[in-house]
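Undergrad: Starting off with a structure, shown below.
The values are calculated or read from the model by the stated rules, or taken from the named source; none is laboratory data. Keep in mind that what you see is a predicted model, and the values were worked out from it rather than measured. Surface areas here come from the heavy atoms of the whole protein model, side chains and all, with no ligands, DNA or RNA. Shrake-Rupley method; radii C 1.70, N 1.55, O 1.52, S 1.80 Å.
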Amino acid sequence: SPSKPSPSPRGHDSAEPPCPANEFLGPVGTGFIMLSLPLTVWFLYFACPNKGEGFCLQGVNLMGLRQMTLPVLSTLVDSWAIGLVLAWFAWLVALERVLPGEVAEGVVLPNGKRLPYKLNGHLSLWVTLFLVQQYTMAKGGRALTYLYDDFIELATAAMLLSTLLSVGLYCASFRRGALLAHGGRSGYLTYDFWMGRELNPRIGSFDLKVFCELRPGMIGWLLIDFGMMAKEREYKGENSLEMLLLVSFQMLYVWDALYNEKAILTTMDVTTDGFGFMLAFGDLAWVPFTYCLPARYLATRSSNLPTPVLLAFAALGLAGFYIFRASNSEKDAFRRDPSSPACRHLQSMPTQRGTKLLVSGWWGLARKINYSGDWLFGLSQSLFTGFGCGLTYFYPIYFAILLFHRAARDDEACQAKYGQDWTRYKQRVPYMFIPKVF
């Protein structure tokens, strides 16, 4: 139950004391979040459904929600949509297994081992896009419009898949020898189910967490965007400038993530968090079916913004992306080889652990300067939709909350990891997001 810890789990960490269940408001908070996430995905659709299926919330007039049509749950489940989502997942698994790719080692795990990871997500992206292009050429320009027409059924299918995967991961984590994540072994069912018990669940050499981190959801998000573009051409006769800018920016973001796939091996998601409902639902359902909301809105609606304003928003987004990519590239280069020519100008602070912390360059400006750039890039995508519907700004609002929370989690983890060195580092780099401001 969420209020009483379960018996001590079997597995690698069973001899260690349970971790405190103090993140995400504990067992009760994680239970509430798990119930609210599917409801949020449905709400974002029915508060502004496809054209002709009901009203769309105007501005931030919340009183208008009284006109929202509540769905019958049975109509949200469609066998064809479930089959398509399963086929999509299986297709990307097959590509990961068959296509060539660099094999890179992850960080040292608590058991002293380093796991190998096959990195061919970038190639999987281009193979998929090539075949999608061939399909649309053969079937005509309307070939992907079903991604718009059957959007909510596909979203429901993805939520079902992520939930079933989470159940399977939770049950499998009790097998003998499973390496458990520190934050997922509290003994509270809802908390551990949300956080994820097992750190690196694998089937042979196939790593489920790293696979789901970028491929099904991120590439799926891009294909949904293409479906929205196809619907706009059907509805308006051509693609608008705001749609072209929006999808171009989101394609850049997806491409960048997969091109730099190796970088995720050192992220908190991979090194620290277990693979549970939090990551499974986020990767497979939340990312593709909420991040595409601006494109779905523009498919049958207009931003009513003049071209100079759209270009100004594009400039803001490109500036954000530059900050995001330049700062992350600097960090990754320093981690690989601090003595390389690209890093010789950077100043660092030694720690008692024998590692170094950057205190100059981008990372001398703010401790999470990459988050600031990432958020500006996301904000620009919502700005492309204009100001007719507040729901299209869901992503930058949600993303700000996510980044604040993640920064706080990272700060706490680094304080525990580096101790007084982290305190001294924060004195050297006092700003979190915006230099001289925040």
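Undergrad: When all protein chains stay in place, what accessible area (Å², nearest 10, 1.4 Å probe) is found for Phe193?
TA: For Phe193, the solvent-accessible surface is approximately 40 Å².
Undergrad: So how do His345, His405 rank on accessible area, 1.4 Å probe, biggest first, that is with the largest at the start?
TA: His345, His405
Undergrad: D for the chain, whole µm²/s, Stokes-Einstein with Kirkwood Rh over alpha-carbon pairs at 4 °C and 1.567 mPa s: what number?
TA: 56
Undergrad: Separate question: Quick check: from the Cα gyration tensor, does the stretch 176-319 come out rounded (a/c under 1.5), prolate or oblate?
TA: Prolate shape, in that a/c is at least 1.5 and a/b is the bigger ratio.
Undergrad: Here's a follow-up. Using alpha carbons only, how many degrees (0 to 90, rounded to 10) separate the axis of helix 79-98 from the longest principal axis of the chain?
TA: With both axes taken from Cα atoms, the answer is about 50 degrees.
Undergrad: To continue, here is another question. Considering only protein heavy atoms, with the full assembly of protein chains and a 1.4 angstrom probe, order Glu242, Glu105 by accessible area, largest first.
TA: Accessible-area ranking of Glu242, Glu105, largest first: Glu105, Glu242.
Undergrad: For the chain, what's the relative contact order in percent, using C-alpha pairs closer than 8 Å and at least 6 residues apart?
TA: So the answer I get is 19 percent.
Undergrad: Is the C-alpha gyration tensor of the stretch 261-316 telling us rounded, prolate or oblate? Criteria: a/c under 1.5 is rounded; beyond that, a/b larger than b/c is prolate, otherwise oblate.
TA: The shape class here is oblate.
Undergrad: Could you pull the accessible area for Asp374 with a 1.4 Å probe, rounded to 10 Å²?
TA: 10
Undergrad: Does the stretch 269-402 come out rounded, prolate or oblate, given a ≥ b ≥ c as the square roots of the eigenvalues of its C-alpha gyration tensor, rounded meaning a/c under 1.5 and, failing that, prolate meaning a/b above b/c?
TA: Judged from the Cα gyration tensor, the stretch 269-402 comes out oblate (a/c at least 1.5, b/c at or above a/b).
Undergrad: Build a GNM of the chain with springs between Cα atoms under 10 Å: which of Met243, Met34, Met229 gets the top mean-square fluctuation?
TA: Top of the fluctuation ranking is Met34.
Undergrad: Next question. Whole-Hz Karplus ³J(HN,Hα) for the stretch 235-250, in order, using 6.51 cos²θ - 1.76 cosθ + 1.60 and θ = phi - 60°, x for Gly and Pro?
TA: 3J(HN,Hα) across the stretch 235-250, in whole Hz: 7, 10, x, 7, 8, 6, 4, 5, 5, 4, 5, 4, 5, 4, 5, 6.
Undergrad: Determine Rg/Rh for the stretch 398-438; Rg is computed over alpha-carbon atoms and Rh is the Kirkwood hydrodynamic estimate from the same atoms.
TA: Rg/Rh for the stretch 398-438 comes to 1.02.
Undergrad: Per the 1.4 Å probe, what fraction of the accessible area of the stretch 31-121, in percent, lies on carbon and sulfur atoms?
TA: Carbon and sulfur atoms account for 69 percent of the accessible area of the stretch 31-121.
Undergrad: Below 8 Å between Cα atoms, with a sequence gap of 6+, how large is the relative contact order for the stretch 207-354 in percent?
TA: Across the stretch 207-354, relative contact order equals 34 percent.
Undergrad: Additional query: Helix 307-336 versus the longest principal axis of the chain: what angle, 0 to 90°, nearest 10, using Cα atoms?
TA: Roughly 20 degrees between the two axes.
Undergrad: Where the Cα atoms of the stretch 78-126 are projected onto their three principal axes, how long is each span, largest first, in whole Å?
TA: 45, 25, 13
Undergrad: Shifting gears a bit: Accessible area per residue of the chain at 1.4 Å probe, in Å²?
TA: 46
Undergrad: Another question, if that's okay. Ignoring ligands, DNA and RNA, how do Glu102, Glu213 rank by accessible area with a 1.4 Å probe, largest first?
TA: Glu102, Glu213
Undergrad: Just the accessible area for Leu241, please: 1.4 Å probe, Å², rounded to the nearest 10?
TA: Approximately 60 Å² for this residue.
Undergrad: As I understand it, the value is the acute angle between the Cα axis of helix 121-139 and the longest principal axis of the Cα atoms of the chain; what does it come to in degrees, rounded to 10?
TA: 10
Undergrad: Starting from the eigenvalues of the Cα gyration tensor, five times each then square-rooted, give me the equivalent ellipsoid semi-axes of the stretch 282-344, largest first, whole Å.
TA: Here the semi-axes work out to 35, 20, 5 Å.
Undergrad: The stretch 345-430: Rg/Rh from Cα coordinates, Kirkwood Rh?
TA: Across the stretch 345-430, the Cα-based Rg/Rh ratio is 1.12.
Undergrad: Students often get this wrong, so check it: of Lys262/Lys417; Lys209/Lys236; Lys51/Lys139, which have C-alpha atoms separated by over 29 Å?
TA: Over 29 Å Cα-Cα: Lys209/Lys236.
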